[in-house]
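Below: the structure, in structure tokens.
Any read-out appearing in this document is the output of simple, stated calculations on the displayed coordinates, not a laboratory observation. For clarity, every value in this text was computed on a predicted model and none was experimentally measured. Using ideal geometry, Cβ is built from the backbone for each residue, glycine included, and neighbour counts are taken over all protein chains shown.
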Amino acid sequence: MAECMFSLVSKKGSIIIEVQYLMNTLQDLTFDNIYHEHYNYWSLTSLVYFFEQFNATIFRSEKIDTHGGSIRIYIKKAKKVKIEKSVKDMLKEEEIYGIKDFKTYKNFGDKVYKIRENVLSNIKKIKKNNKKIIGYGAPAKATTALNFFGISKEIDFIVEDNKLKHNKFIPGVKIPIKKKSYIKDKNNTLLVLAWNFYKDIKKNNSNLSDNFVNIKDLEINN
């Protein structure tokens, strides 16, 4: 794909690419963003190496909020390009963090398994105090998280805005997905699985529950 882009852009042109940022995944422990169509997880360091094989240069980089943290890079098909401070600063930040060190990824794995312990403990507490737990949102990240946590019967069903997902099931854990009208009263805990839209979901659906919980908040040992 990179070769195709370079064949289309002029010598004076630039290519702009936006991808999820590995540093955010490692720092924020957003392991649930790891799923089927996400084959690669990019740092600026790895992107620099990647584009070097095409004699291309990343001359600008930015951090943005999309998907829990993404990176936007600007590339020219040339070696003699003025590299902006944003690139140098980000590369230095990655090196200090340990982006090239195996222990960085080992620590990430250890923390993710601890998250599973915390989530299972906290969801049991909710189930004990409130018999009905309803999920909100069935994004791909929810499939990754729920299967890793081993959560199935703890959630009665999940409601979803996307009509195409209604009357389907979360793969693996087989939790049914329903339309919002399936919720008959507010006597429930609404567990927001689409955590990156938590504020909007809570704001726009106050008629569904008096108790909204972000799945990310269950990752902390309470």
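By DSSP, the beta bridges lying fully in the stretch 120-219 are antiparallel in about 10 percent of cases. Cross-link partners of LYS100 among lysines, defined as those whose alpha carbon lies under 18 angstrom from its own and excluding same-chain residues fewer than eight positions apart: LYS88, LYS92. Highest average first, the peptides 146-158, 109-121 ordered by how many other beta carbon atoms sit within 10 Å of their residues are 146-158, 109-121. The share of C-alpha pairs in the stretch 1-78 whose separation exceeds 16 Å stands at 51 percent.
Partners of LYS76 within straight-line reach, counting aspartates and glutamates whose Cα lies under 17 Å from its Cα and excluding those fewer than 8 residues away in the same chain: GLU3, GLU18, GLU52, GLU62, GLU84.
Cα centroids of the stretch 1-62 and the stretch 105-145: 30 Å apart. Working note: Karplus 6.51/-1.76/1.60 with θ = phi - 60° gives the stretch 8-23 the couplings 8, 7, 6, 4, 8, x, 10, 9, 10, 10, 10, 9, 4, 9, 4, 4 Hz, where Gly and Pro are set to x. The label point for LYS174 and the one for LYS100, both projected 7 Å from the Cα toward the Cβ, are 4.9 nm apart. Here the chain carries DSSP beta bridges of which approximately 50% are antiparallel, counting only pairs with both residues inside.
Taking 7 Å steps out from each Cα toward its Cβ at GLU62 and ILE16 produces label points 0.6 nm apart. Our summary gives the chain a relative contact order of 17 percent, counting only alpha carbon pairs under 8 angstrom and 6 or more residues apart. In percent, rounded to a whole number, the relative contact order of the stretch 2-100 is 32, using alpha-carbon pairs under 8 Å and six or more apart.
Shape class for the stretch 120-219, computed from the alpha carbon gyration tensor (a ≥ b ≥ c): rounded, with a/c under 1.5. The trypsin sites (Lys or Arg not before Pro) of the stretch 29-86 that meet both conditions, a loop assignment by DSSP and at most 11 other Cβ atoms within 10 Å of the site Cβ, are LYS79, LYS80, LYS82.
Where does helix 85-97 land angle-wise versus the long Cα axis of the chain, in degrees 0 to 90, nearest 10? Taking Cα atoms only, the helix is inclined about 60 degrees. Here is how the number arises for the chain: DSSP H runs of 4 or more residues each give -39500 (n - 2.57), the sum is divided by the residue count, and the result at 222 nm is -11000 deg cm²/dmol. Rounded to the nearest whole Hz, the Karplus-based 3J(HN,Hα) values (6.51 cos²θ - 1.76 cosθ + 1.60, θ = phi - 60°) of the stretch 69-74 follow the sequence x, 10, 10, 10, 10, 10, with x at glycine and proline. Only alpha carbons enter this Debye calculation for the stretch 1-150, each as an equal point scatterer, and the log10 of I(q)/I(0) it gives at q = 0.11, 0.18 Å⁻¹ is -0.55, -1.11. Computed from label points 7 Å out along Cα-Cβ, the spacing between SER46 and LYS203 is 3.4 nm.
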